[in-house]
Amino acid sequence: MVAASALLAGCSAAGEQFDPPASTGEVLTGAGGGSASGVWTSSSGSPDDSGEAGGGWPSGKLGPPYPIVLAHGFFGFEDFAGAGYVSYFYNLKEALAESGETVFTPSVDPFNSSEVRGAQLLARIEQILAATGHEKVNIIAHSQGGLDARVVAHDRPDLVASIVTVATPHLGSKVADVALELVADEHLQDILDDLINAIGAPLYDQIGNETSVFAALEQFSTPGIAEFNARFTDSPGVYYASFGGRTNRARGGRDCSTLNPAPFVAQFDDGLDPVHPLLSLTETLLDGGIGESFPNDGLVRARDARWGDFWGCIPADHFDEIGQLFGQSPGDGNPWLYLDFYRSVIARLRQEGF
């Protein structure tokens, strides 16, 4: 079960934390922005206008281009096993900083429902906006991070300009259904939650007594996601776009078709991704076997990742989508590059006025 939990995430690290209250004077950090070093910092909570574009806004706050918030998925870590260099979106923040982007990677509880994680993400975003002086943020989210982002946009649409999700189980995941069937006893679920806490605490210092891997799995299940979608509806003032992933050398088919494909995805339509061995079992489960085949990234089917404007499927498994494990190649014969992908996503957002 621990191994399955790791698979559901991307098995890596989240980013910086924003736990200390503003009154402590501790520093919020984000890559990019105005300083020559490529790192924007503020300890006062007031905006630093140097290097920031957008000028004044009717609210008196800074308008677009808005800061980028990268929202991590299930099982995200601040510092994986104390390695000090393993981030969830592997080396992505640094790469985007080199392009002049202001990027934040706030961390939330790695094991919990998106209602809980979304509230935590909202608190981090409020701190980011207080520090940068901007009116809104753009959220780019992977996996469960996309559901967290939707909670934020539902509760505070005034703080979110856009949400772009990558392999987010908007319509759930069959992997969760199977996992819950295998561990149907609630007492056993409690024991495994305790085990996750015991194992995870040395790896992630924000784990608390309320964290629960089963709260997340229940949300990803068929009935759980239906309840989530009914409750956390989209906000009219927020722009939503999404991507699916395809691996095991799948070409996609109708589940990956769209009337509004992103050009930087379409150029990889002929790219084929070999599935990572750690995802081969779940990929087979999601694929459907003989008969109709369902393109997926090893954990989320493409059809379940569609939300808002669907920009197409990328030739990547759930690990490749965030540069894991440890920035390794997506596989022989696959020309897709995750760093270029995220650069292109942001460029598209800027073109749209965000």
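The values are calculated or read from the model by the stated rules, or taken from the named source; none is laboratory data. Because the structure is predicted, anything quoted here is derived from the model rather than measured. Every residue, glycine among them, receives a Cβ derived from its backbone with ideal geometry; neighbour counts consider all protein chains shown. SASA here: full protein model, heavy atoms, side chains in, ligands and nucleic acids out. Shrake-Rupley method; radii C 1.70, N 1.55, O 1.52, S 1.80 Å.
Among residues of the range 239-263 that are under 10 Å from PHE294 (Cα atoms), those with a beta-carbon under 6 Å from a residue that is open to solvent by 50 Å² or more (accessible area, probe 1.4 Å) at least six positions away or on a different chain give the pairs ASP255/ARG303. Reported count of residues in the range 266-297, each being in contact (Cβ under 8 Å) with a residue 60 or more places away in the chain and of a type outside the set (S, T, N, Q), is 10. For ASN334, the criteria (1) touching a residue at least 40 places away in the same chain (Cβ under 8 Å); (2) over 19 Å from ILE163 (Cα atoms); (3) open to solvent by 10 Å² or more (accessible area, probe 1.4 Å); (4) not in a loop (DSSP other than H, G, I, E, B) hold in every case but one, which is (4). If the condition is being farther than 15 Å from ALA71 by Cβ and open to solvent by 10 Å² or more (accessible area, probe 1.4 Å), then the range 102-112 contributes only THR102. Checked across the range 93-101, the condition of being farther than 21 Å from ARG350 by Cβ and either modelled with pLDDT of 80 or more or open to solvent by 10 Å² or more (accessible area, probe 1.4 Å) (or both) holds for no residue. Going by the structure shown, is SER257 open to solvent by 30 Å² or more (accessible area, probe 1.4 Å), over 18 Å from GLY331 (Cβ atoms) and at pLDDT 90 or above? So SER257 fits the description; yes.
Within the range 161-179, the presence of a residue that is free of Cβ contacts under 8 Å to residues at least 40 places away in the same chain and surrounded by fewer than 24 Cβ atoms within 10 Å (Cβ to Cβ) is excluded. Any residue at all in the range 196-212 that is open to solvent by less than 20 Å² (accessible area, probe 1.4 Å), in a helix (DSSP H, G or I), farther than 20 Å from GLU227 by Cα and at pLDDT 90 or above? There is no residue in the range 196-212 that is open to solvent by less than 20 Å² (accessible area, probe 1.4 Å), in a helix (DSSP H, G or I), farther than 20 Å from GLU227 by Cα and at pLDDT 90 or above.
Checking each residue in the range 261-299 for being part of a loop (DSSP other than H, G, I, E, B), open to solvent by 60 Å² or more (accessible area, probe 1.4 Å) and closer than 21 Å to LEU337 by Cα picks out PRO261, GLN267, ASP269, ASP270.
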